Amino acid sequence: MATNANWTIIFDDKSVIKNYAEGALEGLSYKINDDTFWSQSKFSNIWAIQYGTSITSDEVEYRDTTSHSSYADANLGDFQEFINRWDSAHLSQLQSEWDMDSVDGETEAEKISRIGARPTSYSS
């Protein structure tokens, strides 16, 4: 399997991992709880994906003896599907962190002045 990918998808764990930015020393992973998405037939033989590597022929790893392939050759659709789900999960995390960062007696205006407005969107 390729290394140093921008994104890693682990199908058994239903995890999408962003391996760059956000200040993470390691990948930042979210479990995507969407059985309808993960149970699509096009994913039935996929073990893992390492997307955005320098060795594109080694991006998709299959459950059976099928040779590893590029994401494009695997014919799995637009990779943006995974990125959008990660972005949504990350936005929820950012909003939760904002909601939890409170000081007793602080007004919303004071909170916004201290840490900025509550996040309303996120895009990788």
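Taking every alpha carbon pair in the chain, what does the distance histogram look like in 5 angstrom bins from 0, in percent?
Result returned by the calculation: 2, 10, 18, 20, 16, 11, 8, 6, 5, 3, 2, 0, 0.
Using unit Cβ charges (K, R positive; D, E negative) and no other charged atoms, how large, in debye to the nearest 20, is the dipole of region 7-115 about its Cα centre?
Numbers: 8 positive and 21 negative charges, 64 e Å.
It works out to roughly 300 debye.
With 10 angstrom as the radius, rank F37, F43 by how many other C-beta atoms surround their C-beta, starting from the fewest.
F37, F43
Among T66, V103, F11, pick out the residue whose Cα is farthest towards the positive end of the charge dipole of region 7-115, where Lys and Arg carry +1 and Asp and Glu carry -1 on C-beta, about the Cα centre.
T66
Anyone know which of V103, V16, V60 comes out most mobile in the 10 Å Cα GNM of the chain?
Residue with maximal mean-square fluctuation among V103, V16, V60: V103.
Can you give the angle from 0 to 90° between the axis of helix 80-100 and the longest principal axis of the chain, with both taken from C-alpha atoms, to the nearest 10?
Rounded to the nearest ten degrees, it is 20.
How would D34, D58 line up from fewest to most surrounding beta-carbon atoms within 10 angstrom?
Starting with the residue having the fewest Cβ neighbours, the order is D34, D58.
A short reminder: the numbers here are calculations on the coordinates, not readings from a lab. Just so it is clear, the model here is predicted, and its values are computed rather than measured. With ideal geometry, Cβ positions are generated from the backbone for all residues, glycine too; neighbour counts draw on all protein chains shown.
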